[in-house]
Amino acid sequence: MLDLYLRDLKLGIRAGGGALIGILFFLAVVTTIPFAVGPDLNLLSRLGPAMLWIGALLASLLGLDRLFQADREDGSLDLLLLASDRHMLALSVLVKCLAHWTASVLPLVIAAPLLGVLLNMEPVALGAATLTLLIGTPAITFIGATGAAVAVTLPRGGLLVSVLILPLAIPVLIFGVSASYASVTDPAPFLPPFLILCALTLVFAVVGPVSAAAALRAAQD
């Protein structure tokens, strides 16, 4: 499994500049919203966590359609389906998700503090938003694997993946933003929404790869 992780990590870094495109899209979203809400620094500071989360969510969806596409094109996906039983296939999907998250989504998390400074966010809110992104964005990748598996046989499945995954990612967005706001709002505790966010990531780490493996099996049949 380590070999699969390293292989997918190298492919994710080399293929199409996915991380760079994601960061540029993230930057575009975060820098465009202030033009709509105005130059009020206090307002931007309050909206900062939500803006970071929305930008990271949308940027995370960009490369999900490529999660299995390269394997399908070179035939390695067929070999993986033939060589793996149901449980091993789900584990392989989990490893591929982790490699994709490391190559394409982790750079967004690293860039979030820099973009938060542009939004005049308080240090505590900035740290909380970065922590929640670190914990919550893997859930988007895990559940995104299901959409990528459903669309793997379609020639232009990128839009379909986003349409399928976005509604399922809303709970992650809600609790990620809630935990970020709670870090700077005295009456609201930080820990409950943060623990729910952790639980969502763990649930999607099981549900996402299992459902993606089933979708890949169905697509093969």
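The table below gives the values:
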item	result
Selection within the stretch 66-117 - of a type in the set (S, T, N, Q) and in a helix (DSSP H, G or I)	Q69, S76, S92, T102, S104
Test: residue in the stretch 47-65 that is more than 15 Å from the chain's Cα centre (by Cα), assigned to a helix (DSSP H, G or I) and of a type in the set (S, T, Y)	no
Contacts under 8 angstrom Cβ, first residue in the stretch 68-84 being closer than 20 Å to L98 by Cβ and open to solvent by 20 Å² or more (accessible area, probe 1.4 Å), partner at pLDDT 70 or above and not in a helix (DSSP H, G or I), 6 or more apart	Q69/V152; R72/V152; R72/T153
Close pairs from the stretch 103-117: first under 18 Å from L47 (Cα atoms), partner open to solvent by less than 20 Å² (accessible area, probe 1.4 Å) and among the polar types (S, T, N, Q), Cβ under 8 Å, at least 6 apart	V109/T137
Subset tally (residues that are exposed (fewer than 13 other Cβ atoms within 10 Å of the Cβ) and not in a loop (DSSP other than H, G, I, E, B)) for the stretch 25-46	6
Yes/no for A139 being among the small types (G, A, S), touching a Pro at 6+ places or on another chain (Cβ under 7 Å), modelled with pLDDT of 90 or more and assigned to a helix (DSSP H, G or I)	no
Residue satisfying all of: in the stretch 194-214; surrounded by fewer than 21 Cβ atoms within 10 Å (Cβ to Cβ) and of a type outside the set (V, I, T); farthest from M51 (Cα to Cα) among these	A214
Contacts under 6 angstrom Cβ, first residue in the stretch 22-38 being more than 15 Å from M121 (Cβ to Cβ), partner not in a helix (DSSP H, G or I), 6 or more apart	G22/L62
Residue in the stretch 90-125 that is surrounded by the fewest Cβ atoms within 10 Å (Cβ to Cβ), counting only those that are over 21 Å from the mean Cα position of the chain (by Cα) and of a type outside the set (V, I, T)	P123
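The values are calculated or read from the model by the stated rules, or taken from the named source; none is laboratory data. Only a predicted model underlies this, so the values are computations on that prediction, with no experimental measurement involved. Neighbour counts are summed over all protein chains in view; Cβ atoms, including those assigned to glycine, are modelled from backbone coordinates with ideal geometry. Side chains are part of the model used for accessible areas, which takes the heavy atoms of the whole protein and leaves out ligands, DNA and RNA. Shrake-Rupley method; radii C 1.70, N 1.55, O 1.52, S 1.80 Å.
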